[in-house]
Amino acid sequence: MQFKVTQSRYRPEKRRLEFTASGERNGCVFTVVTDVICMKEPTTPEHIHLVALARLMEIFRQRSASGH
């Protein structure tokens, strides 16, 4: 999986990182808009990328409605 975080915003009052990521996985192009709980603000682009990677892996592990 290859992806790039195109937008992110940390909301300290909710302890959430909201982000948009676009990329490719198994030959399919995707764009995801989601959020994830973070105890403190990710301070570098690398930290944001790692948080996004963890969330994307969680999303792609879920079974789809088609059962795949």
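No lab work stands behind these numbers, since they all come straight from the coordinates. This one's a predicted model, so the numbers in the text were calculated from it and none came from an experiment. Methodologically, a virtual Cβ is constructed for each residue, glycine included, from the backbone with ideal geometry; neighbour enumeration extends over all protein chains shown.
Label-to-label distance for Leu50 and Arg9 is 2.5 nm, based on points extended 7 Å past Cα in the beta-carbon direction.
Over the chain, Cα pairs under 8 Å with separation of 6+ residues give a relative contact order of 26 percent. Our estimate of slack between Ile37 and Ser66, defined as 0.36 nm per intervening residue step minus the Cα-Cα distance, is 7.6 nm.
Taking the 0 to 90 degree range and rounding to the nearest ten, how far is the long axis of helix 45-61 tilted relative to the main principal axis of the chain, both from C-alpha atoms? Value to nearest ten degrees: 40.
Restricting the GluC sites (Glu not before Pro) of segment 4-68 to loop positions (DSSP other than H, G, I, E, B) with no more than 16 neighbouring Cβ atoms within 10 Å leaves Glu13. Placing unit charges on the Cβ atoms of the charged side chains and taking the dipole of the chain about its Cα centre, the candidate lying farthest along the positive direction among Val51, Val29, Val5 is Val51.
For Cys38, the residues 5 or more places off, or on other chains, whose built amide H falls under 5 Å of its own are Arg16, Leu17.
Recomputing Kirkwood radius over Cα pairs in Å from the coordinates shown identifies the correct label among (i) 13.8; (ii) 17.2; (iii) 12.6 as (iii). Here the gap between Arg25 and Glu58, fully extended at 0.36 nm per residue and compared with their Cα-Cα distance, gives a gain of 10.5 nm.
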